[in-house]
Structure formats: C-alpha cells, structure tokens
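K.L.:
The structure is given below, and queries will be raised subsequently.
The values are calculated or read from the model by the stated rules, or taken from the named source; none is laboratory data. If you're wondering where the values come from, they're calculated on a predicted model, not measured in any experiment. Every residue, glycine among them, receives a Cβ derived from its backbone with ideal geometry; neighbour counts consider all protein chains shown. These area figures cover heavy atoms from the full protein model, side chains too; ligands, DNA and RNA do not enter into them. Shrake-Rupley method; radii C 1.70, N 1.55, O 1.52, S 1.80 Å.
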Amino acid sequence: MKIVQIPLLRDNYGYLIICQKTNKAAIVDPSEAEPVSRRVEQEKVSLTAILNTHHHRDHTGGNEGLLAKQSLEVYGHKSDQGRIPGLTRGVDEAEEIVIGEERGKVLFIPGHTTGHVAYLFGNNLFCGDTLFTAGCGRLFEGTAQQMHASLKKLMTLPDDTKVYCGHEYTESNLRFAITLEPKNHKLVSRFERIQGLRARGQSTVPSTMEEEKQTNPFLRWDSKEIQTNLKASLPDLRPDPVSVFATVRKLKDAF
Ligand SMILES: [Zn+2]
Ligand SMILES: [Zn+2]
C-alpha cells in the first residue's frame, strides 16, 4: 500500500490510498477536486472511492468535482446522508472498506461532528478532525464526553500506528501544549523538531500514536503536571479524565 499526502486549500491534507497490486486508489477527504485529479493522473492510478471522515466543506468540497468526471463510491458515516455530497455507502463502526486488495475498517469517533469516522488501513489511521497531531478538533456538534470516548478509542491502537490527520496544525498545537506541560521533555523536543520542519516548509504529518500519547495534551488527562497547572487557575477542577479533557479543550478554544 502506498499513501500520497496532497496539500489542499490553506492547511488541509487529502490522502491517496493506493493498492499497488491493482493500481486502484481511494482519496480521503478531497477538499477540492483539481489537485486530487492531477495527482491521480501523475500516480497513474484508477480512483475508485472517496472516503470522507466528516461532512465539513473543507473535507468534502471536491466530491462533486470528482463525481462530475467519473462515478465513485463515496463513503461516510450513515448519519451524514444528506450532508456528504454524493454519499453512496453510509457506514458505521467496524465496517470493512475494500480498495483493490487493501482492506480497511471504519471507526466511529463522534465529537467534532456527530457523524465523524476514521479509516484504519493496517497501521495507518486517517482520523480527519478528531485527533490532530498534538491536538484535537473543536467540539462543534458533540460533547466533551463523546470526544473523550472517541480519543480513548483511538488510544487503544498500537503505538506504531501512523496518525494522518486532516490539517497541518502541529506547530500551533504544540505552542499551546507547552503552556500546560512545560516540563515534559518529549514535548519540548518535539516542538523544537517541528519548528525546524515548518521553517523548511515541510509537512509534520503523520506522527505516531506513541508520540501523541506522550505529548498531545488532549490525550494526557492523567498527567499530574497538566492537572496541577490547571488547578492553579481553576481550584475546583475535578481530576476525572472527562473534566480534565473538557478544560483543556476550553483553554485551547480561547488560546
Ligand atoms: Zn471539521
Ligand atoms: Zn477540517
């Protein structure tokens, strides 16, 4: 399997998932059609499917343009019928997706929106706007409890799982993370490394689940340092995971 990252719009990423045995490919979250079509031609693959993680326009804006040229299966959560343009395959937790001879599976992870899914192919996780590298998506439609449960589900994936998220946000996410956990050495060194990559205009995605568990403040509700720092300004904060997560999310919204 080959994965091709395609920068789209201002800071979105689409991903071509290519089955190298059959040359069939799927595009995850085509924000726009033209750059995707160009890349499909360059790679000399045959596009068979669109995999949308959620209905937001910056993840589905290219659906109609791609469908105008050819017929494609369009996958998304079944509850997003009517919100994802051209949806043909409404899916749910644990459903299998087949691209050529590659097999992936759907994870239902609501919170950012009520119909958000991730696609897992081997150890490659395409998680849209739920888990970001060093961050997580805003709670537009779901509750903190839902998002916490979704992130917890993703954390059960193996450490070497590659995290392919929907946006290039790592640097600003880490700038926020450092304010909560300045003594986390792995976080500090990640921030330095990422600043170097961005200074050279390079992508910082994918990361690994291990890196996220070690440095992403939205997965670190058990961190004593984060809890202590939050309590300094919010003495009534309860230390349960959902309350810590919800507080970190609120602080990031205002950061
Ligand atoms: Zn979104
Ligand atoms: Zn987005």
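K.L.:
Using amide H atoms built 1.01 Å from N in the peptide plane, name the residues 5+ places from S46, or on other chains, whose amide H lies under 5 Å from its own.
P.N.:
It is K24, A25, by chain and number.
K.L.:
Further question: Would you mind telling me which residue in A134, A68, A33 has the biggest mean-square fluctuation in a Gaussian network model of the chain, where springs connect alpha carbons within a distance under 10 angstrom?
P.N.:
A68
K.L.:
With a probe of 1.4 Å, find how much accessible area segment 9-121 has per residue, and write the answer as a whole number in Å². The partial results should precede the final answer.
P.N.:
On the way: 4690 Å² over 113 residues.
I get 41 Å² per residue for segment 9-121.
K.L.:
Treating the angle as unsigned and between 0 and 90°, give the value, to the nearest 10°, between the Cα long axis of helix 224-233 and the longest Cα principal axis of the chain.
P.N.:
Rounded to the nearest ten degrees, it is 70.
K.L.:
For a quick check: with amide H placed at 1.01 Å from N, whose amide H comes under 5 Å from G128's, ignoring anything fewer than 5 positions away on the same chain?
P.N.:
Amide H neighbours of G128, under 5 Å, 5+ apart: G166.
K.L.:
Roughly what angle does helix 34-43 make with the longest principal axis of the chain, taking Cα atoms, 0 to 90 degrees, to the nearest 10?
P.N.:
70 degrees
K.L.:
Still on this structure, I have one more. Percent of accessible area on the chain owned by carbon and sulfur, 1.4 Å probe?
P.N.:
Values: 5530 of 11200 Å².
In the chain, the share of accessible area belonging to carbon and sulfur is 49 percent.
K.L.:
So what is the accessible area of segment 175-255 per residue, in Å², with the probe set to 1.4 Å? Could you put the intermediate results ahead of the total?
P.N.:
Values: 4310 Å² over 81 residues.
Each residue of segment 175-255 exposes 53 Å² on average to a 1.4 Å probe.
K.L.:
Most mobile of T88, T130, T170 per a Gaussian network model of the chain (Cα springs, under 10 Å)?
P.N.:
T88
K.L.:
Now for a different question. Exceeding 27 Å between C-alpha atoms, which entries from my cross-link table qualify? They are K78/K250; K2/K250; K24/K186; K152/K252; K2/K186.
P.N.:
Values: K78/K250 29 Å; K2/K250 37 Å; K24/K186 39 Å; K152/K252 19 Å; K2/K186 29 Å.
Cα-Cα > 27 Å for K78/K250; K2/K250; K24/K186; K2/K186; rest within.
K.L.:
Moving to a separate point now. How large is ³J(HN,Hα), in whole Hz, for each residue of segment 147-158 in order, when computed from phi with the Karplus curve 6.51 cos²θ - 1.76 cosθ + 1.60 and θ = phi - 60°, using x for Gly and Pro?
P.N.:
5, 4, 5, 5, 5, 4, 4, 5, 5, 7, 6, x
K.L.:
How high is the relative contact order of the chain? Use alpha-carbon pairs under 8 Å, at least six apart in sequence, and give a whole percent.
P.N.:
Values: 535 pairs, mean separation 33.2, N = 255.
For the chain, the relative contact order is 13 percent.
K.L.:
With an 8 Å Cα cut-off and a minimum separation of 6 or more residues, compute the relative contact order for segment 170-241 in percent. Please report the intermediate quantities before stating the final value.
P.N.:
On the way: 50 pairs, mean separation 22.8, N = 72.
Rounded, it is 32 percent for segment 170-241.
K.L.:
Please give the calculated 222 nm ellipticity per residue for the chain, where each DSSP H segment of at least 4 residues contributes -39500 (n - 2.57) and the sum is spread over every residue; nearest 500 deg cm²/dmol? Intermediate results must be reported in sequence, preceding the final value.
P.N.:
Numbers: 9 runs with 89 residues, N = 255.
Calculated from helices alone, the mean residue ellipticity at 222 nm is -10000 deg cm²/dmol.
K.L.:
By per-residue mean of other Cβ atoms within 10 Å, what is the highest-first order of 193-205, 90-102, 138-150? Please list the in-between numbers first.
P.N.:
Details: 193-205: 13.2, 90-102: 15.5, 138-150: 18.3.
For the peptides 193-205, 90-102, 138-150, the packing ranking is 138-150, 90-102, 193-205.
K.L.:
Okay, moving on. Round to the nearest 10 and give me the degree value, 0 to 90, for the angle of helix 170-180's Cα axis relative to the longest principal axis of the chain.
P.N.:
On a 0 to 90 degree scale, this one is about 20.
K.L.:
Further question on the same structure: Any aspartates and glutamates with Cα under 14 Å of the K105 Cα? List them, leaving off those in the same chain fewer than 8 positions away.
P.N.:
Cα-Cα hits under 14 Å: D92, E93, E95, E96.
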